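Contents: one structure, followed by commentary.
The values are calculated or read from the model by the stated rules, or taken from the named source; none is laboratory data. These numbers were taken from a predicted model, which means no experiment stands behind them. Methodologically, a virtual Cβ is constructed for each residue, glycine included, from the backbone with ideal geometry; neighbour enumeration extends over all protein chains shown. All accessible areas refer to the heavy atoms of the entire protein, side chains included, with ligands and DNA or RNA removed. Shrake-Rupley method; radii C 1.70, N 1.55, O 1.52, S 1.80 Å.
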Amino acid sequence: MTVVTTSALAAPSIRFEVSFKEPQAHYAEIKMEISDLRKDHIDVKMPVWTPGSYLVREYARHVESVEACDADGAYLAVEKVNKNTWRIQSAKAKKVTFSYRIYGFEVSVRTNFIDDSHAFLSPAATFMYVDGMLDQPVEVTVIPHANWANISTGLETVAGKPNTFHAADFDILFDSPIEVGNQDVFTFDAAGVHHEIAMVGGGNYDKERLKADCAAIVEEATAIFGVNPNKRYVFIVHNYQSGGGGLEHLNSTVLGASRNGYQSERSYVGFLGLVAHEYFHLWHVKRLRPFELGPFDYDNENYTSALWIMEGFTAYYDNLLLRRCGFLDESGYLQAIANDVNTIENRPGNKVQSAALASFDAWIKYYRPDENSANTSVSYYNKGALLAMLLDLKILTATQGEKRLDDVLKAAYEKFYVRERRGFREQELQTLIEEVTGTSVAAIFDAAHAIGPLDYNGYLNAVGYELIDYNEGQERPDLGFTTAMTDGRVVVTGVTRGTGAWNGGINVKDEVLAINGERLDANGRELNRLVQSSVIGDQLDVLIARDGKIRELTITLSEDTKGSFRIVPLQNASQQQKRLGQTWLSLN
């Protein structure tokens with residue numbers, strides 16, 4: 001009779017140890033212990049991207065000094081079988097320790113950064129997983145450098161094990177960044193959730209003001225969905241001389257900020273907008289999500305056409321939350337929307353790429369901009385935010401102010417995340433909106449898949465506002481290219497599609513020497529003077545240097561079609577229109 005021992009039935013386990021022997025050289029040491037798997041060979045893999053940042057970043061390129069051994073310390077053969085996979089010849093060993101080093105010296109919210117002052121670990125760029133075992137629970141023990149005292153992460157702590165954290169699976173691990181150093185940590189409670197703010201790099205922030213203002217954002221965001229799914233949430237804030245950007249996570253966020261920008265009201269409100277944006281994501285994308293965004297494939301791109309919904313709607317709500325909290329007055333809020341309109345409608349790429357296609361192409365376009373991006377692409381953030389505004393206004397109007405986009409998102413969260421625990425398809429979301437509100441929103445969803453301008457006033461007028469182009473009716477010539485000073489030279493940085501410069505052959509990186517026989521000065525001021533003194537149809541002889549050769553090009557000044565948009569109260573608006581407008585912009 002075969003006797004099966006308890007040891008033989010032990011479930012596989014995986015744990016990591018992270019230490020920092022040479023932080024000044026930007027390295028971390030990683031030990032991955034795999035127990036009770038007992039296979040002939042084990043494939044371990046490094047993700048190629050991190051959720052929320054849609055670009056293949058090839059994290060494996062920073063891995064080195066790979067080795068493996070068994071429980072007795074005997075070395076096991078390791079072979080790299082593709083760009084992000086290592087095969088360990090484990091020979092059914094009970095315990096395998098796989099060790100490697102990672103290099104991290106890229107300042108961003110999605111990549112590792114390690115130096116003598118602190119370490120920021122982006123988990124997808126740090127931890128490998130056993131192929132086929134993403135659902136495996138995992139422990140991480142962090143051994144801080146001797147000069148570091150604090151660890152900040154959204155991961156749960158393990159009782160009785162100092163500096164040790166637990167994730168129920170690798171999806172949660174990869175969604176839980178870790179900050180190790182001497183960050184300034186302070187806390188607040190809001191919406192029944194304990195929040196930690198970890199400020200890295202110093203700054204002129206006011207702790208009490210930050211706690212109060214972040215708490216207000218938390219309460220307003222939670223009110224939309226009716227529930228906050230976290231018990232604890234961590235803000236990791238990296239303060240730089242000049243910083244920005246953010247990345248959402250399930251139980252935390254990483255934000256970039258300018259360390260001395262907190263005392264400037266404009267800069268501070270901008271930071272609060274970033275807080276609002278990333279916090280809103282804990283519902284909208286981390287839980288309520290398109291079906292393509294989970295479970296994740298960490299080896300390849302995860303394509304979706306719905307980033308205009310996930311990022312765009314969030315970009316709409318970050319400013320709306322600031323308005324509801326009173327951080328933006330009515331004028332400031334309307335200007336924020338107008339800024340999005342100016343960004344989208346003055347971009348030639350708006351006539352080339354739809355918001356849905358921009359979403360799908362994020363992997364090859366959004367994170368890889370070049371000198372021609374403005375001519376070929378549109379931002380799913382800005383255009384998605386405007387489409388969200390149109391939806392909000394359509395719902396407000398159709399329901400006489402009884403419902404709005406808030407109600408739709410709450411219903412979608414409850415249906416797709418709480419009850420059905422799955423991602424949605426775009427048509428399902430459209431159908432749900434129409435069921436909840438009793439009105440068709442097909443035209444707006446169609447606009448997300450179309451190119452060109454949106455019908456702003458068709459929706460704004462119904463709530464007592466209108467979009468005005470202050471450039472309408474003006475005939476202004478357009479030079480068609482932009483320049484910057486480089487080492488005392490006037491160098492072309494962009495050429496606008498369809499202009500005289502585009503048609504006349506001006507190239508990015510051309511050095512502009514003279515126009516109509518007049519040498520440009522070191523500041524290039526003649527460019528503005530010549531345009532201001534010219535009319536549409538005038539021809540300019542432009543002398544340039546390109547690749548060491550002198551050339552003269554002739555360009556014909558075209559009409560400047562760029563708008564200058566603002567949102568203002570509609571003249572002679574009815575009481576009903578004014579009431580709906582007040583509902584839209586009201587403080588909660």
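Of all residues being assigned to a loop (DSSP other than H, G, I, E, B) and of a type outside the set (V, I, T) in region 559-568, which is surrounded by the fewest Cβ atoms within 10 Å (Cβ to Cβ)? Just the residue, please.
Among those residues, the one meeting the criterion is S564.
Spot the failing condition for D116; the list is (1) open to solvent by 60 Å² or more (accessible area, probe 1.4 Å); (2) within 30 Å of D184 (Cβ to Cβ); (3) under 23 Å from the mean Cα position of the chain (by Cα), and only one is missed.
Status for D116: all satisfied but (3).
Under the condition of being of a type in the set (D, E, K, R) and in contact with a Phe, Trp or Tyr (Cβ under 6 Å, 6 or more places away or on another chain), which residue from region 300-330 is surrounded by the most Cβ atoms within 10 Å (Cβ to Cβ)?
Out of the qualifying residues, it is E311.
What residue, among those in region 153-176 that are of a type outside the set (K, R) and more than 15 Å from L250 (Cβ to Cβ), is surrounded by the most Cβ atoms within 10 Å (Cβ to Cβ)?
Among them, the one singled out is T164.
Residues of region 18-43 being closer than 14 Å to L173 by Cβ and either under 29 Å from the mean Cα position of the chain (by Cα) or not in a strand (DSSP E or B) (or both), which ones?
Across region 18-43, the qualifying residues are V18, I30.
For region 331-407, list the helices (runs of 4 or more DSSP H) that sit wholly inside it and hold at least 1 residues that are under 15 Å from N457 (Cα atoms), open to solvent by 30 Å² or more (accessible area, probe 1.4 Å) and not aromatic (F, W, Y); which are they?
Output list reads 380-398.
From the list K45, K39, pick out the single residue that is open to solvent by less than 70 Å² (accessible area, probe 1.4 Å) and out of contact with any His (no Cβ under 6 Å at 6 or more places or on another chain).
Just one listed residue meets the conditions, K45.
Condition check ((1) touching a residue at least 12 places away in the same chain (Cβ under 8 Å); (2) open to solvent by 50 Å² or more (accessible area, probe 1.4 Å); (3) of a type in the set (S, T, Y); (4) part of a loop (DSSP other than H, G, I, E, B)) across all residues:
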| site | (1), (2), (3), (4) |
| --- | --- |
| L460 | yes, no, no, no |
| E466 | yes, no, no, no |
| N471 | yes, no, no, yes |
| E475 | yes, yes, no, yes |
| M485 | yes, yes, no, no |
| R497 | yes, yes, no, yes |
| A501 | yes, no, no, no |
| I506 | yes, no, no, yes |
| D521 | no, no, no, yes |
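Under 6 Å between Cβ atoms, which residue pairs at least 6 apart in sequence (or on different chains) link something in region 313-328 that is at pLDDT below 95 with a partner that is among the polar types (S, T, N, Q) and surrounded by 24 or more Cβ atoms within 10 Å (Cβ to Cβ)?
Going by the 6 Å Cβ cut-off, there are no qualifying pairs.
Here are the criteria: (1) part of a strand (DSSP E or B); (2) over 28 Å from R368 (Cα atoms). Tell me which single one E64 does not satisfy.
Condition not satisfied by E64: (2).
Does region 156-188 hold any residues that are in contact (Cβ under 8 Å) with a residue 40 or more places away in the chain and closer than 26 Å to W49 by Cβ, and which are they?
F170, D171, I172, L173, F174, D175, S176, P177, I178, E179, V180, G181
For region 569-588, does any single residue satisfy the condition of being outside any loop (DSSP other than H, G, I, E, B), in contact with a Phe, Trp or Tyr (Cβ under 9 Å, 6 or more places away or on another chain), open to solvent by 20 Å² or more (accessible area, probe 1.4 Å) and within 30 Å of Y316 (Cβ to Cβ)?
Yes: region 569-588 contains one or more residues that are outside any loop (DSSP other than H, G, I, E, B), in contact with a Phe, Trp or Tyr (Cβ under 9 Å, 6 or more places away or on another chain), open to solvent by 20 Å² or more (accessible area, probe 1.4 Å) and within 30 Å of Y316 (Cβ to Cβ).
Condition first: of a type in the set (A, V, I, L, M) and at positive phi. Can you find one or more residues in region 339-353 that meet it?
No: zero hits.
What tally of residues in region 71-92 results from selecting those that are crowded, with 17+ Cβ neighbours inside 10 Å, assigned to a strand (DSSP E or B) and either of a type outside the set (V, I, T) or touching a Gly at 6+ places or on another chain (Cβ under 8 Å) (or both)?
Number of matching residues: 3.
Count, please, the residues in region 523-540 that happen to be surrounded by 14 or more Cβ atoms within 10 Å (Cβ to Cβ) and within 20 Å of E559 (Cβ to Cβ).
7
Going residue by residue through region 368-381, is there one that turns out to be in contact with a strand residue (DSSP E or B) (Cβ under 9 Å, 6 or more places away or on another chain), acidic (D, E), touching a residue at least 60 places away in the same chain (Cβ under 8 Å) and within 23 Å of F291 (Cβ to Cβ)?
So far as region 368-381 goes, no, none of its residues is in contact with a strand residue (DSSP E or B) (Cβ under 9 Å, 6 or more places away or on another chain), acidic (D, E), touching a residue at least 60 places away in the same chain (Cβ under 8 Å) and within 23 Å of F291 (Cβ to Cβ).
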